[in-house]
Amino acid sequence: MYLRKVISGGQTGADQGALSACWRLGVPHGGWVPKGRRTEKGKVPARYRMRQHWSRHYPPRTEKNIVDSDGTLIFTFGALDGGSLLTKQLARKHRRPCLHVDLRQPLPANVRRIERWIHRRLPRGGVLNVAGSRRSKAPGIHLAVRRAMTAVLRRLAASPA
């Protein structure tokens with residue numbers, strides 16, 4: 001596998017979509033979640049191996065995940081806003097590569113774009129942070145991210161060493 005680990009903030013939607021892909025494929029995953037494993041719909045499922053941040057708020061764990069990673073993917077349907085925009089701003093602040101993926105684009109094109117970006121911008125054995133819209137703002141994003149990340153992770157696993 002090209003990546004050592006995929007991390008996320010555990011929120012419903014894009015974050016848990018990426019974690020679900022990792023969990024299904026047996027890919028190492030983790031990341032920082034707010035104190036109490038808080039999400040907009042309760043708690044982050046126990047099957048995901050997450051660390052609790054000292055703060056109950058979302059921005060501190062977002063920043064910690066960016067600092068602890070080699071680069072960040074941000075998934076949305078359309079333009080960045082809210083926490084997704086903050087994620088991009090924090091990635092710039094910490095000089096970490098960041099790629100915004102608009103899920104309105106065709107899946108095969110997005111998968112190729114993400115794979116190329118990972119190979120160009122992240123070191124072999126790197127840590128990838130995945131963020132994006134929450135479920136309440138973007139219905140269907142969990143499944144869309146899970147599909148995209150499953151395809152990307154499978155392609156990375158098949159990449160020559």
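The values are calculated or read from the model by the stated rules, or taken from the named source; none is laboratory data. Because the structure is predicted, anything quoted here is derived from the model rather than measured. Neighbour counts run over all protein chains shown; Cβ positions are idealised from the backbone, glycine included.
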Check off (1) in contact with a strand residue (DSSP E or B) (Cβ under 9 Å, 6 or more places away or on another chain); (2) not hydrophobic (A, V, I, L, M, F, W, C); (3) not in a strand (DSSP E or B) for His100 and give me the number that stays unchecked. (3)
Examine the range 69-76 for a residue that is part of a loop (DSSP other than H, G, I, E, B) and at pLDDT 95 or above, and state whether such a residue exists. yes
Looking only at the range 7-52, how many residues end up being among the aliphatic types (A, V, I, L, M), touching a strand residue (DSSP E or B) at 6+ places or on another chain (Cβ under 7 Å) and either surrounded by fewer than 19 Cβ atoms within 10 Å (Cβ to Cβ) or not in a loop (DSSP other than H, G, I, E, B) (or both)? 5
Filtering the range 63-86 down to residues that are closer than 15 Å to Val127 by Cβ, among the β-branched types (Val, Ile, Thr) and buried (at least 21 other Cβ atoms within 10 Å of the Cβ), which residue is farthest from the chain's Cα centre (by Cα)? Ile66
Any chance Arg92 is free of Cβ contacts under 8 Å to residues at least 12 places away in the same chain, in a helix (DSSP H, G or I), out of contact with any Asp or Glu (no Cβ under 9 Å at 6 or more places or on another chain) and among the basic types (Lys, Arg): yes
Counted residues, the range 103-124 - those being in a helix (DSSP H, G or I) and exposed (fewer than 12 other Cβ atoms within 10 Å of the Cβ): 4
Out of (1) under 17 Å from the mean Cα position of the chain (by Cα); (2) outside any helix (DSSP H, G or I), what's the single condition that is false for Thr150? (2)
Hey, Arg134 assigned to a loop (DSSP other than H, G, I, E, B), crowded, with 22+ Cβ neighbours inside 10 Å and on the phi < 0 side of the Ramachandran plot or not: yes
State all residues of the range 77-89 that are touching a strand residue (DSSP E or B) at 6+ places or on another chain (Cβ under 7 Å), of a type outside the set (Ser, Thr, Tyr) and in a helix (DSSP H, G or I); if no residue qualifies, say none. Lys88
Give the number of residues within the range 137-147 that are of a type in the set (Gly, Ala, Ser), in a loop (DSSP other than H, G, I, E, B) and in contact with a helix residue (DSSP H, G or I) (Cβ under 9 Å, 6 or more places away or on another chain). 1
